[in-house]
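Have a look at the structure below before the remarks.
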Amino acid sequence: MDVAGAALVVAGGRADRSSPEQPARTRQKTTAAVAARRTPVSVGRLTGGADGIGSLGGMARTATAVWRIRPELVLALAERLGEPVDRYVNGSQTWFTETPGGVALEWRLHPVAGYVKPKGLGHDEVWDVAVESQIGEVRLRPEEVWGGLECFAAYGDDIEPATLGAAAAQEIGLAPDATGLVDHESIGNEWERTRGAVSIIDLLLAQLAG
């Protein structure tokens, strides 16, 4: 397998949709600047390999923060981070921010196990409809499409899990459900082996609990 989790974006692609509620100008500038530095490793796949800050038995591990999906999480992302930078056909949504110390962070809503695009929606409409459903007519519940949110250093920068968790909590106003070190490669391999039939969030939480 190439970089771990290469299958996490299946036939991925970005949809540049505008929204009546645009993020603040400062957030747009920050997101654009960070996203412009993306590398093939950070786009549409989980990072891993030599970039992890820890290792166990030769297995590279990456600091991560994880939130289980819930309505207030979706609203926090919409209010604090704005529109996703990338919207993928497998349901993933991504954002990029930067800590005060200059570490670029990638935020990713991971799809549920066995994700199927909601009927009648394009992949670039899923986020908008889910957000609108939190403030108006319920057409799509977040738990129907996403298992949860993950935040990690986008380019393999060294950052301790506790530092990452604190920075992420300050960024979106919600503390993560779990933080620690994970092996993204094994998670990506399992997701690929099962053709997306497993929950990435469940796999992450299982490693963090272990």
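FYI, it's all coordinate maths here, none of it is from the lab. As the structure is a prediction and not an experimental result, all values here were calculated from the model. Here Cβ is always computed from backbone atoms with ideal geometry, including for glycine, and neighbour counts include all displayed protein chains.
Restricting the search to the range 145-178, which residues are surrounded by 15 or more Cβ atoms within 10 Å (Cβ to Cβ) and of a type in the set (D, E)?
Taking the range 145-178 as the starting set, the residues that turn out to be surrounded by 15 or more Cβ atoms within 10 Å (Cβ to Cβ) are 145-157, 159, 161, 163-169, 171-172, 174, 176-178.
E150, D157, E171, D177, listed by residue number.
Output the qualifying pairs, or none if there are none: Cβ atoms under 6 angstrom, residues six or more apart or on different chains, first residue in the range 185-210 and hydroxyl-bearing (S, T, Y), second residue not in a helix (DSSP H, G or I).
S199/A113; S199/G147
Inspect the range 187-203 for any residue being under 20 Å from L77 (Cα atoms) and crowded, with 22+ Cβ neighbours inside 10 Å and give the result as yes or no. Even if it seems obvious, please write down each step before you answer.
Our first condition is that a residue be under 20 Å from L77 (Cα atoms); within the range 187-203, this holds for 200-201.
With the extra rule that they be crowded, with 22+ Cβ neighbours inside 10 Å, the set shrinks to 200-201.
Yes, there is a match, as at least one residue in the range 187-203 is under 20 Å from L77 (Cα atoms) and crowded, with 22+ Cβ neighbours inside 10 Å.
If a residue has to be touching a helix residue (DSSP H, G or I) at 6+ places or on another chain (Cβ under 7 Å) and assigned to a helix (DSSP H, G or I) to count, how many in the range 177-201 make the cut? Show your work before the answer.
Start the filter on the range 177-201 by keeping residues that are touching a helix residue (DSSP H, G or I) at 6+ places or on another chain (Cβ under 7 Å), which leaves 178-183, 185, 187-188, 190-192, 198, 200.
Keeping just the survivors that are assigned to a helix (DSSP H, G or I) gives 185, 187-188, 190-192, 200.
Within the range 177-201, residues that are touching a helix residue (DSSP H, G or I) at 6+ places or on another chain (Cβ under 7 Å) and assigned to a helix (DSSP H, G or I) number 7.
List the strands (runs of 3 or more DSSP E) that sit entirely inside the range 57-176 and contain at least 3 residues that are over 26 Å from A206 (Cβ atoms) and in contact (Cβ under 8 Å) with a residue 60 or more places away in the chain. Don't jump to the end; show me each part of the working.
Values: elements: 59-68, 93-98, 104-111, 146-153.
By residue number, 93-98.
Taking only the range 82-121 into account, find how many residues are touching a strand residue (DSSP E or B) at 6+ places or on another chain (Cβ under 9 Å) and more than 16 Å from L164 (Cβ to Cβ).
The number of residues fulfilling the criteria is 18.
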